[in-house]
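Some notes on the structure that comes next.
The values are calculated or read from the model by the stated rules, or taken from the named source; none is laboratory data. Nothing here was measured: the structure is a model prediction, and the numbers come from that model. Cβ placement follows ideal geometry from the backbone for every residue including glycine, while neighbour counts extend to all protein chains displayed.
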Amino acid sequence: MNATDAVQLIWSGDANLFAIVRLSLAVTLAATFLAAVLGLPLGAFAALVRFPGRELLVVVLNAFMGLPPVVVGLVVFLLLSRAGPLGELGLLFTPTAMVVAQTMLITPIVAALTRQVIEDLWAEYREEFQAMQVGPLARVGALLWDARFSLVTILLAGFGRAAAEVGAVIIVGGNIDGFTRVMTTTIALETSKGNLALAVGLGLVLISLVMTVNALAWSVRRWSEKHAA
Amino acid sequence: MRDTPSDLPIKLEAVTVRAGAVSILRDVTLEIASGAPTVLLGPNGSGKSTLIRLGMRLISPSAGRITFGGHSAASGTRSAVVFQKPVMLRRTAAANIAFALLAAGRPSDAGTVFHLLSQVGLAALADRPARRLSGGEQQRLALARALARTPEVLYLDEPTASLDPAATKSVEDIIARTASEGIKIVMATHDLGQARRLAGDIVFLAGGRIVEQAASPHFFTSPSTDAARRFLAGDLVL
Amino acid sequence: MDFRSLVFALIALITPILSCGPAAAQEKSIVVASTTSTQDSGLFGHILPMFKAKTGIDVKVVAQGTGQALDTGRRGDADVVFVHAKAQEEQFVADGFGVKRFDVMYNDFILVGPKSDPAKVKGSKDILAGLKTINDNAAPFVSRGDKSGTHSAELALWKAAGLDPAGTKPTWYREIGQGMGAALNTASAMGGYVLADRGTWLSFKNKGDLEIVLEGDKRLFNQYGIILVNPAKHAHIKKEMGQQFIDWVISAEGQGAIRSYQIDGQQLFFPNATVSG
């Protein structure tokens with residue numbers, strides 16, 4: 001099979017492929033959402049609150065942006081395995097485990113970058129907020145909202161990282177046909193079966209998926225800039 | 001907010017403010033009472049902005065004492081400030097006002113926001129992103145934000161320093177009208193003409209010290225210090 | 001608008017897909033830890049739908065190397081283990097992690113190499129002689145190096161030939177630590193020799209310049225076994241459904257399903273279960 005055959009096969013709307021694409025999106029979007037819920041407040045907190053060990057937290061968050069996915073996968077595997085501390089949950093080899101692993105992978109990225117953005121914005125807003133006697137909670141909310149465009153870009157970076165990785169999801173998901181198989185693990189599998197043209201075709205599909213998500217985010221931004229809500 | 005005790009009169013007694021090894025204000029004794037606008041006049045770096053920050057309780061004296069209506073600085077304040085380069089929130093003009101209202105504990109309904117915007121002539125630009133306003137418009141918006149706090153004392157730090165004459169006029173008109181409504185104005189400027197137009201009292205600063213204090217017409221026609229005379233004549237006063 | 005409804009739309013998209021997590025544990029399914037060679041050959045795609053049609057049980061195959069698959073069984077993360085390393089499997093049962101081992105099927109290993117055959121392996125039916133000439137000619141050889149069934153077999157053959165490249169690590173011996181497909185890709189790319197199982201070879205799509213250079217030696221026999229993970233060690237093991245799968249695989253029906261799997265008219269696996277195991 002050459003590359004054109006592969007792309008044709010893909011675009012003929014293979015139901016199996018569709019399920020794989022849907023699962024990939026679901027897992028990565030869920031992980032991005034959770035990383036936002038955890039990482040945005042954490043980053044804002046690290047930016048605004050002075051507490052002992054803050055510098056250490058910042059260094060750790062920055063360093064963890066480069067966590068190898070396969071290491072994260074291994075750690076989550078050991079946690080969720082029946083032989084591990086959270087084995088009772090029976091989550092290993094399920095999509096939920098994949099979401100957990102990817103969330104762990106990208107939360108440091110979201111938190112570290114949010115911290116930088118919020119810290120820079122705070123430096124700009126500090127005097128005005130002090131003069132207006134803005135309370136701490138209102139302060140955090142205002143900074144997060146005003147930084148929204150940068151924060152969306154940060155979340156897209158997290159999304160991209162999660163969508164691209166294979167090391168974590170293959171260990172905790174098991175690449176089970178019809179159940180935990182996603183785009184990246186399928187590409188790895190087809191490569192190991194020697195179906196290189198198909199693997200390249202799938203790679204192109206994955207890239208266009210990520211492009212589409214980014215294009216959507218960009219148009220949302222342009223729209224809201226025009227309406228500056 | 002209504003029952004916060006009055007800030008006036010503001011009394012500084014031998015106040016010194018140091019930043020590291022440098023003294024920005026030295027041994028300043030001053031009383032700011034209610035009434036006509038007090039203009040802090042002087043060249044750049046003379047300590048005007050620092051005085052404003054002291055009044056807004058953003059900084060504390062390194063030495064000396066400052067009291068507000070007889071109390072020390074601990075209690076709440078209804079003062080507001082317009083900085084020389086005000087920072088606009090990344091939202092619409094109206095949203096900026098609403099934010100200031102909420103921070104002041106006042107309801108941020110559309111009516112109140114509209115009223116404040118109209119006071120500074122920005123009602124038509126309510127939905128414009130604040131960062132896209134011109135310099136003069138941003139200054140006026142910052143004024144409206146300050147007025148949203150229904151301040152007792154309104155501090156202005158070189159409010160028209162970067163504006164063209166037309167924008168300057170519209171800002172000065174708002175200041176004059178605000179003063180006539182009973183709000184105490186404390187304004188820093190190095191512009192002689194502006195000081196003459198707006199002041200009740202002049203506090204002339206140079207090198208971190210108060211050189212001369214007088215009522216407005218008297219200061220301009222018969223200054224009593226040499227430094228004041230040289231400044232009025234257009235010389236550089238170090 | 002907009003931001004909030006976008007978030008709700010995302011949640012609506014994601015939740016149904018992710019709700020198959022712990023909930024799925026309740027439906028009829030088992031987890032089978034097997035090897036990459038069995039997966040890559042496409043055998044499961046052929047026989048599992050037949051099993052599901054008969055029993056309604058979903059078989060979820062996690063394909064790992066034999067070493068990892070047995071470890072998965074030890075941890076209780078799989079209900080059934082289906083690998084091809086008899087010695088390791090028997091140890092697994094002896095250690096109490098498995099209930100009983102059954103023979104399922106066999107295929108054979110083949111020595112695959114470049115058409116140009118620089119080590120002059122072709123023409124022989126003696127695998128040990130073949131390995132010796134590769135060693136003497138320092139021809140590139142790709143080893144899986146991943147404690148898999150194939151890797152264990154490869155090491156056993158080197159030992160039988162009186163050689164130990166895994167220990168001495170000469171430069172022509174390339175351990176990649178990956179599965180069969182990756183090993184074949186690597187061999188194809190570097191013009192090297194590799195020990196492969198016939199099943200993966202037949203279904204491999206990137207043969208390039210490689211061909212079979214040696215086959216048929218009795219020592220290349222590759223036996224597959226299936227074991228139920230011991231419920232005494234892990235209470236949550238789905239022992240009834242797991243046993244159903246094992247019973248089916250070694251039954252006439254399951255063996256027939258295995259026999260019927262072909263690629264290009266060639267049978268890949270040869271069923272050899274005996275009812276008593």
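Remarks
- B:D7 within 30 Å of B:P217 (Cα to Cα), surrounded by fewer than 18 Cβ atoms within 10 Å (Cβ to Cβ) and either in contact with a Gly (Cβ under 7 Å, 6 or more places away or on another chain) or of a type in the set (D, E) (or both): no
- Helices (runs of 4 or more DSSP H) fully within the stretch A:60-167 counting 1 or more residues that are within 13 Å of the chain's Cα centre (by Cα) and not hydrophobic (A, V, I, L, M, F, W, C): A:69-80, A:95-131, A:148-164
- The lone criterion from (1) more than 11 Å from chain C (Cβ to nearest Cβ); (2) at positive phi; (3) of a type outside the set (F, W, Y) left unmet by A:G194 is number (1).
- Any hit, the stretch A:171-188, residues being part of a helix (DSSP H, G or I), under 18 Å from the mean Cα position of the chain (by Cα) and either farther than 23 Å from C:L48 by Cβ or hydroxyl-bearing (S, T, Y) (or both): yes
- Residues of the stretch A:18-31 satisfying the condition of being among the hydrophobic types (A, V, I, L, M, F, W, C) and touching a residue at least 40 places away in the same chain (Cβ under 8 Å): A:A19, A:I20, A:V21, A:L23, A:L25, A:A26, A:V27, A:L29, A:A30, A:A31
- Subset of the stretch A:94-121 [in contact with a Lys or Arg (Cβ under 8 Å, 6 or more places away or on another chain) and either more than 29 Å from A:A164 (Cα to Cα) or modelled with pLDDT under 95 (or both)]: none
- Taken as a whole, the structure leaves C:I250 outside the set of residues that are in contact with a Leu (Cβ under 9 Å, 6 or more places away or on another chain), modelled with pLDDT of 90 or more and in the same structural domain as C:A87 (by TED's automatic domain parsing).
- Looking at A:L74, A:L92, just one residue is of a type in the set (A, V, I, L, M), under 25 Å from A:I20 (Cα atoms) and surrounded by fewer than 19 Cβ atoms within 10 Å (Cβ to Cβ), and that residue is A:L74.
- Identification of strands (runs of 3 or more DSSP E) wholly contained in the stretch B:121-226 with 1 or more residues that are within 14 Å of another protein chain (Cβ to nearest Cβ) and in contact with a strand residue (DSSP E or B) (Cβ under 7 Å, 6 or more places away or on another chain) yields B:153-157, B:184-189.
- Any hit, the stretch B:33-55, residues being over 23 Å from B:G135 (Cα atoms) and among the charged types (D, E, K, R): no
- Members of the stretch C:154-197 that are touching a Phe, Trp or Tyr at 6+ places or on another chain (Cβ under 6 Å) and in a helix (DSSP H, G or I): C:P165, C:L184
- Any chance C:G277 is of a type outside the set (D, E, K, R), assigned to a loop (DSSP other than H, G, I, E, B), over 17 Å from the mean Cα position of the chain (by Cα) and modelled with pLDDT under 95: yes
- Scope the stretch B:56-95; condition touching a residue at least 40 places away in the same chain (Cβ under 8 Å) and at positive phi; matching residues: B:G64, B:G69
- Qualifying position, being surrounded by fewer than 21 Cβ atoms within 10 Å (Cβ to Cβ) and either at pLDDT 95 or above or of a type in the set (V, I, T) (or both), among A:L67, A:L56, A:L48: A:L56
- C:K52 fulfils the conditions (1) under 25 Å from C:A156 (Cβ atoms); (2) without any contact (Cβ under 8 Å) to a residue 24 or more places away in the chain except for a single criterion, (1).
- Residue check, B:A94 out of contact with any Asp or Glu (no Cβ under 7 Å at 6 or more places or on another chain) and buried (at least 21 other Cβ atoms within 10 Å of the Cβ): no
- Hits in the stretch A:97-122 (condition: among the polar types (S, T, N, Q) and either more than 13 Å from every other protein chain (Cβ to nearest Cβ) or surrounded by fewer than 24 Cβ atoms within 10 Å (Cβ to Cβ) (or both)): A:T107, A:T114, A:Q116
- Checked against the criterion of being within 14 Å of chain C (Cβ to nearest Cβ), in a helix (DSSP H, G or I) and of a type in the set (V, I, T), the candidates A:V205, A:V210, A:V200 yield just one match: A:V200.
- Sole residue being at pLDDT below 95, under 19 Å from the mean Cα position of the chain (by Cα) and surrounded by fewer than 17 Cβ atoms within 10 Å (Cβ to Cβ), chosen from B:T77, B:T67: B:T67
- Just one of the listed residues (A:A131, A:A164, A:A168) is of a type in the set (G, A, S) and surrounded by fewer than 22 Cβ atoms within 10 Å (Cβ to Cβ), namely A:A164.
- Among all positions in the stretch A:199-219, there is no residue which is within 28 Å of C:I30 (Cβ to Cβ) and aromatic (F, W, Y).
- Out of A:S12, A:S24, A:S81, one residue alone is small (G, A, S), more than 28 Å from A:G194 (Cβ to Cβ) and out of contact with any Pro (no Cβ under 8 Å at 6 or more places or on another chain). It is A:S81.
- Count of the stretch A:174-207 residues which are at pLDDT 90 or above and of a type in the set (S, T, N, Q): 5
- A single member of B:T16, B:T29 is exposed (fewer than 15 other Cβ atoms within 10 Å of the Cβ), over 18 Å from the mean Cα position of the chain (by Cα), in the same structural domain as B:R57 (by TED's automatic domain parsing) and part of a strand (DSSP E or B), and it is B:T29.
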